[in-house]
Amino acid sequence: MTADILRDKFLAFFKARKHKVIDSDSLVPKDDPTVLFTPAGMNQFKKEFMGFDSGFKRATTSQRCLRTDDLDKVGKTSAHHTFFEMLGNFSFGDYFKKEAITWAWEFLTKELKIDQEKLWVSVYQDDDEAYNIWKDQVGIPEKKIVRLGDKDNFWPAEAKTKGPNGPCGPCSEIFYDFGADVGCKEKICDPSCSCGRFVEIWNLVFTQFNRKEDGSLEPLPNKNIDTGMGLERLTAVMQGKQNNFETELFQPLIKEIQRYVGLNPKDSQKFLYAVADHLRATVFSIFDGILPSNEGRGYVVRKIIRKASLYLISLGIKDPFLYRLVAIVAEIMYKPYPELTKRREEIAQIILSEEKSFICVLGSSEELFKDKFSEFMTKPYPKAVGKIAFLLHDTYGIPLELTRQWLDKQGISFSQDAFEQAMEEQKARSKAGSAMKGDVFGSKGLKIKVKASKFIGYQDNSSEASILVILKEGKEVSEISSGDNLQIVLDQTPFYAESGGQVGDIGKLINGKNLFEVTDTQKIDNVILHAGKINSGVFKKGDKVTAQINIERRLCIAKNHTATHLLQAALRQILGNHVQQQGSLVNAEKLRFDFTHFKGLSKEETARVEELANSYIKESQAVDFKEMSFKEAKQAGALAFFEEKYGENVRVVSVGNISKELCGGTHLTNIKQIGLIKIISESSVASGIRRIEAVTDKLAEQFIKDQEQKAAEESRKKNKLEELKAQEKKRSMEINKLLPAKSTELSQNSVTINGMNAVFSVESNLDLQALRLLVDMIKKETSRAVVVLGSQDGSKASLVVGLTADLCAKGLSAKGIILQVAALIGGSGGGRDDFAQAGGNAPENFALAFDKIKDIINKL
């Protein structure tokens, strides 16, 4: 029985028992800071477990999950994975242990026809209720029911003694017995033994307690059911395999690698298994918008790719190869994820880029080693070297063996203990990062009971409404007359709450002379919060108010939001259908759109995107809105944003045959209202993600006008500069024509000091270059010459000293002279023995400088 059949059978089984089939959530937990990735099926139902009514009490899913706390075990065992699918059925205050246990047994033994003799179960040591259900109602022999403790059969593990606080409870696990000839082969062996004979296939969690701050457990008013069964493990059991990697979920990948390297199936098995696993994790991470980077989730994905690349190198594959396998993953997972096929080229390109980057890192490791370890060549510190070696391994993916070879070659001492200690510390951080933080169901939800707000802002800009709740500093109050941190909940409202990248509306709530200024609108648990302050009067719970949005601002936002849809359509047309939205911001001033693309846009590409988007506007197409099921929307080709969690019914915004997207934002009625789109920037956000920013309508026109004025001003400055340069050149040519005559004149007027021919003159109309030329001319006409010339330009003074070669040969130095007198003209100087110069701000002191030089010459 294939994995696809098992998945369908499981969902159909529980659908027939009045469970709502919910699509898998993203690997990126939305509004859940307690975990880095989605680690289990229950994560998307935290609000329901806490009592939030989503319209259903029973649910079933096949959830894609990612866990990294046992990353180094992947490939070495038969069942450890980073990415896996978890089948689950859930009850939110509806059925409890009896139904959960009997349905699980029915599915395994009746639906899948697993031999009952092969199944064992465990229960929590104190859970007599579950024990008796298994024994009396299901009919399992007592010898096959094992009681286990807090670590194995309580969720979260050891929560009673170690926390976290919040909902918790005992669990019961179902095990498959591979037989007495597997594992330890001891006569007394049961699921408590870790020899491998027994493999857990299903965990049933009975959430019946609330752990309090003092560690005590109190019964929950509504008891919940949370079950999880690994699809990969169930598939292996159903196919008679003891190893998950021997199923069709992994074998096509493994065989393709073997075909490429020509390996015997038993050779380097752990590397083959790890690569197949890591590639699945990478593909689905990128599919869910997690791109390789140096922080957060992206860092983990980059680390997984680099570990897989190292395994491939160990198999003899030194060139990029992972990216070639993406199409195989898409084919294996086509049944549950047909969208993966459409995005396989985009995902492959991102992986290829990462592989090339890592190969480059390995190729430049010599320089990296020198940078990190050079100080230890003269100052041995083995512990520090060991920690840095781990940093290179963990951050850059550089194998320890490569680092050790270089260190040995350089004679640098290394501590293996320090390396392993750093590794253990990182494992602890990783486990902490993937474990739950704070309370089990840490929630951003409201702490008040209030019905969901009715949003009427698609049709109306103002409406009459009643105040349901008033919050001050986050606490519910009955009335308000002052304060800043205020929030009001209405029964219905035209105010759009921030979501989908669009900012919340602002406006006013009016009750006679009482005025509440709304400065922001947010939404929590389908409750719309009007945040702001009182400008006048008093507001009470139950008051009738008129809710008015800022219409002009809403229109500007709508122009930018509709323009965003047109830009995505233009980007996909110009760059390709691999372009997918990765984020956006739409406010009244501008729009920002993040999208997948492998390189920066050229000026020509940016211009073509802008031109195409504006050509759409000229078509004056109407904007159409339709409500339909999520499935119908996807079948109709509507684009969805990966980070959004869509409900069963969605709103589709269409613009003719130009654009069709799932979107809950506010839009125009016709795209001609946009007027004009102007892209103002294009940049990189992360590896494989680009960002464009744009403005529309009047702001676009103003931006273009400003750019034209800026260009005109720059052109004017350029022309002025060129004009000044031409004038200066002309002046220099005219002066240069006069220099020979001036040289002769000054040479003839030289004076003899201490046997040297000295020339002193201030030439106020000459620049430094002309002074230099004049010095050279005089030196050619006069032997044993000391030439000292000054020039004044406003308050700036320039002084030059030149010596002929015969004086330099006797040890005289123009530089030595200029250094002694530069301070007199208020500056400093330098140069060579034959020529030196100084600049200052005291031209009135040229006479003092000349006298000083004469005194220096006299004393030589």
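Using r as the Cβ-Cβ distance of LYS544 and ALA452, and R0 as 25 Å, what FRET efficiency do you calculate, to the nearest 0.05? Intermediate results must be reported in sequence, preceding the final value.
Details: r = 20 Å, r/R0 = 0.80.
The formula returns an efficiency of 0.80 here.
Counting only other residues whose beta carbon sits under 9 Å from that of THR60, what net charge do I get with K and R as +1, D and E as -1?
Result for the local shell: +4.
My understanding is that a pair violates if its Cα-Cα distance is over 31 Å; which of LYS9/LYS57; LYS18/LYS160; LYS720/LYS852 do that in this structure?
Numbers: LYS9/LYS57 21 Å; LYS18/LYS160 33 Å; LYS720/LYS852 42 Å.
Pairs exceeding 31 Å: LYS18/LYS160; LYS720/LYS852.
In whole Hz, with x marking every Gly and Pro, tabulate ³J(HN,Hα) for the range 300-309 from phi via Karplus 6.51 cos²θ - 1.76 cosθ + 1.60, θ = phi - 60°.
Here the 3J(HN,Hα) series is 5, 4, 4, 5, 5, 4, 5, 5, 4, 5 Hz.
Might you tell me the accessible area per residue for the chain, computed with a 1.4 Å probe and given in Å²?
47 Å²
What's the local net charge at SER629, with K and R +1, D and E -1, over the other residues with C-beta under 12 Å away?
Net charge in that neighbourhood comes out at 0.
Would you please give the residues with an amide H less than 5 Å from that of VAL146, counting only those at least 5 places away or on a separate chain, with H modeled from the backbone geometry?
For VAL146, the qualifying residues are VAL121, SER122, VAL123.
For the range 617-675, what does the alpha-carbon gyration tensor say about shape, rounded, prolate or oblate, given a ≥ b ≥ c as the root eigenvalues, a/c under 1.5 as rounded, and a/b over b/c as prolate? Provide the component values of the computation, followed by the final result.
Values: a/c = 2.35, a/b = 1.99, b/c = 1.18.
Cα axes put the range 617-675 in the prolate bin.
When only the heavy atoms of the protein chains count and the probe is 1.4 Å, how do TYR260, TYR176 rank by accessible area, highest first? Spell out each step's value before the answer.
Working: TYR260 100, TYR176 35 Å².
Per-residue accessible area, sorted high to low, gives TYR260, TYR176.
How far apart, in nanometres, would the label points at SER194 and SER715 be if each is projected 7 angstrom from Cα along the Cα-to-Cβ direction?
For SER194 paired with SER715, the spin-label model returns 7.7 nm.
Give the residues of the range 383-411 whose amide nitrogen is closer than 16 Å to a point set 7 Å from the Cα of LYS370 in the direction of its Cβ.
What the label zone holds, given the 16 Å backbone N cut-off, is 406-407, 409-411.
May I ask you to derive the relative contact order of the range 681-764, considering only C-alpha pairs under 8 Å and at least 6 residues apart, and to give it as an integer percent?
11 percent
How many nm is it between the label spots at ASN670 and LYS335, if each spot is 7 Å from the Cα in line with the beta carbon?
About 5.1 nm separates the two model spin labels.
What FRET efficiency do you get for LYS9 and ASP484 if R0 is 60 Å and r is their Cβ-Cβ distance, rounded to the nearest 0.05?
0.60
Collect residues whose amide H, placed 1.01 Å from N in the peptide plane, falls under 5 Å from the amide H of TRP155; neighbours closer than 5 in sequence don't count.
GLY169, CYS171
Below 8 Å, C-alpha to C-alpha, sequence gap of six or more: please give me the relative contact order for the chain in percent.
This gives 7 percent for the chain.
Report the residues of the range 668-690 in range of a label on GLU619: point 7 Å along Cα→C-beta, backbone N strictly under 20 Å from it.
Those under the cut-off are 668-679.
Where a Cα-Cα gap under 28 Å defines reach, which lysines qualify for LYS409, not counting those fewer than 8 residues away within the same chain?
Hits, sequence-local ones excluded: LYS303, LYS307, LYS318, LYS356, LYS370, LYS372, LYS379, LYS383, LYS387.
Defining a contact as two alpha carbons under 8 Å apart and six or more residues distant in sequence, what relative contact order in percent does the range 555-617 show?
Rounded, it is 38 percent for the range 555-617.
Under 5 Å between amide hydrogens, which residues at least 5 positions from VAL469 or on another chain qualify, with H placed 1.01 Å from N in the peptide plane?
Correct list: VAL489.
Reachable aspartates and glutamates from LYS151, Cα under 16 Å, same-chain residues fewer than 8 places away excluded?
ASP126, ASP127, GLU173, GLU200
Taking 0.36 nm per residue of sequence separation and subtracting the Cα-Cα distance, how much length would be gained by fully extending the chain between THR102 and ALA180, in nm to one decimal? Show your work: numbers first, answer last.
Numbers: separation 78, 0.36 × 78 = 28.08 nm, distance 2.69 nm.
Length gained between THR102 and ALA180: 25.4 nm.
Using a probe of 1.4 angstrom, how much of the accessible area of the chain is carbon and sulfur, in percent?
Working: 19360 of 40550 Å².
In the chain, the share of accessible area belonging to carbon and sulfur is 48 percent.
Which distance in Å, rounded to a whole number, links the C-alpha centroids of the range 147-200 and the range 815-843?
88 Å
What ranking, highest mean first, results for peptides 599-609, 694-704 when packing means the other Cβ atoms within 10 Å averaged over each residue?
Top to bottom by mean Cβ count within 10 Å: 694-704, 599-609.
May I have the extent of the alpha carbons of the range 713-860 along their three principal axes, as whole Å values ordered from largest to smallest?
Taking max minus min along each principal axis of the Cα atoms, the range 713-860 gives 58, 31, 24 Å.
If you plug each phi of the range 531-543 into the Karplus form 6.51 cos²θ - 1.76 cosθ + 1.60 with θ = phi - 60°, what whole-Hz ³J(HN,Hα) values come out, in order, with x for Gly and Pro?
Calculated HN-Hα couplings, in order: 9, x, 8, 8, 8, 6, x, 9, 10, 10, 4, x, 4 Hz.
I need the phi-derived Karplus couplings for the range 126-143: 6.51 cos²θ - 1.76 cosθ + 1.60, θ = phi - 60°, integer Hz, Gly and Pro marked x.
Result, ordered by residue: 9, 8, 5, 4, 5, 4, 5, 5, 4, 6, 8, 8, 8, x, 7, x, 4, 5 Hz.
What's the center-to-center distance, using Cα atoms, between the range 672-744 and the range 250-329 in Å?
50 Å
What's the angle, to the nearest 10 degrees (0 to 90), between helix 97-106's Cα axis and the longest principal axis of the chain?
On a 0 to 90 degree scale, this one is about 90.
Quick check: the angle from helix 251-261's long axis to the longest principal axis of the chain, C-alpha only, nearest 10 degrees?
40 degrees
Under a point spin-label approximation (7 Å from Cα along Cα-to-Cβ), what is the LYS113-GLU248 distance to one decimal in nm?
Modelled inter-label distance: 1.7 nm.
Take the alpha carbon atoms of the range 539-599, find their center, do the same for the range 746-780, and report the distance between the two centers in whole angstrom.
73 Å
Which of (1) 103, 56, 54; (2) 84, 63, 62; (3) 129, 82, 55 is the computed Cα extents along the principal axes in Å for the structure on display?
Computed from these coordinates, Cα extents along the principal axes in Å corresponds to label (3).
Which of the residue pairs LYS46/LYS335; LYS212/LYS631; LYS599/LYS725 have a Cα-Cα distance greater than 30 Å in the structure shown?
LYS212/LYS631; LYS599/LYS725
For GLU627 and GLU498, what is the calculated FRET efficiency with R₀ set at 30 Å and r taken between the beta-carbons, to the nearest 0.05?
0.90
Taking the Cα atoms of the range 296-387, report the difference between the largest and smallest coordinate on each principal axis, in whole Å and largest first.
Taking max minus min along each principal axis of the Cα atoms, the range 296-387 gives 60, 28, 20 Å.
Return, ordered by residue number, the residues of the range 370-400 whose backbone nitrogen is under 14 Å from a label point located 7 Å along Cα→Cβ of ARG429.
Correct set: 387-397.
Which lysines have a Cα lying under 23 Å from the Cα of LYS540, excluding residues fewer than 8 positions away in the same chain?
Partners within reach: LYS447, LYS449, LYS451, LYS454, LYS472, LYS475, LYS508, LYS513, LYS523.
To the nearest 500 deg cm²/dmol, what mean residue ellipticity at 222 nm is calculated for the chain from DSSP H runs of n ≥ 4 alone, each contributing -39,500 (n - 2.57), summed and divided by the residues?
-11500 deg cm²/dmol
Quick one: helix 382-391 against the long Cα principal axis of the chain, what's the angle to the nearest 10°, folded into 0 to 90?
70 degrees
The values are calculated or read from the model by the stated rules, or taken from the named source; none is laboratory data. Here the structure is a predicted model, which means the values were calculated and not measured. Note: ideal-geometry Cβ built from the backbone for every residue, glycine included; neighbour counts use all protein chains shown. Surface accessibility is based on the protein's heavy atoms, side chains included, excluding ligands, DNA and RNA. Shrake-Rupley method; radii C 1.70, N 1.55, O 1.52, S 1.80 Å.
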